[in-house]
Each structure stands twice: as structure tokens, then as C-alpha cells.
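This report refers to the structure that appears directly beneath it.
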Amino acid sequence: MVDLTSTLPDLSPEGRTPPLIVHWHIDSEPRGAQVLDASGQVHGITPLSVELPSSPGLTRFSIRLDGYVDSSVSLDGSRDDSPKVFLRRKTTVLKTPTSILPNLIKSKQELGYED
């Protein structure tokens, strides 16, 4: 489990109740994907559990795994969540090398057309 609270400043005045903690569990299919924040910092590998102080707004994470299309998830900073991200394989586009194109193109005469 990754504790992100150590990177946050303590903004609680003396005697004030500490902020509520939210728990996020980010998973992916397939597992083993990097979880990155908006600045590109890697927070861990899926499955990843995170605890941090509750805060308003959304936090966006990118989910990245070699051979798969990057995905993202936005989590509400005021509540627990357990998203599972299904990654899609990258498709390979085969390109014809330009060196063989002249051999594939036939003239009108070779195709039986007359001028």
C-alpha cells in the first residue's frame, strides 16, 4: 500500500480533527500497469492501494502498460473508490515497404488494356 500523505504538508491547526482518509484501490486488466499522476510521477504498479487525506475535486491517473493503449481514471478526492481499468492492446499496422511498390504496380499493357 502506498501512503501519499507523507508528501502532503500538515495543514491542520493545533487541536483540529485530522482530515478523513480516502482509500483508493486501482486495478487493471491485465495487471502490472504503471499508475501515473498528472505530472507523470509513477505512484506504483496495478493493483495499487492508496490512502490520502480527503479533499474536494477529482484526481486523474494515467494507466500505462507496454503494448497497450494508455488509459486514465479520475477519482473523487472525497470518497473511497476501487476502479478497474480494462486496457486495450495496441494494434499493429503493417506498412508495405516503398521499395516493393514498383513491382506491384503493373502497366496498362500488362493488364491487357490498349491505349
### Query
Using θ = phi - 60° and the Karplus curve 6.51 cos²θ - 1.76 cosθ + 1.60, what whole-Hz ³J(HN,Hα) does each residue of region 68-76 get, with Gly and Pro shown as x?
10, 6, 4, 10, 8, 9, 10, 10, 6
### Summary
Taking every other residue with Cβ under 14 Å from the Cβ of Gly67 and scoring Lys and Arg +1, Asp and Glu -1, one gets +2
## Note on the structure
Ordered by fewest other Cβ atoms within 10 Å, a rough proxy for footprinting exposure, Ile26, Ile45 read Ile45, Ile26
### Task
Could you check the simple spin-label distance between Asp66 and Ala38, using points 7 Å along Cα→Cβ, in nm with one decimal?
3.0
### Summary
Surrounding charge for Asp27, neighbours by C-beta under 12 angstrom, Lys/Arg +1, Asp/Glu -1, total 0
## Note on the structure
For Leu36, the net charge from surrounding residues (Cβ-Cβ under 12 Å; K, R +1; D, E -1) works out to 0
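Every number in this text was worked out from the coordinates using simple rules, so none of it is lab data. Because the structure is a prediction, the values reported are computed rather than measured. With ideal geometry, Cβ positions are generated from the backbone for all residues, glycine too; neighbour counts draw on all protein chains shown.
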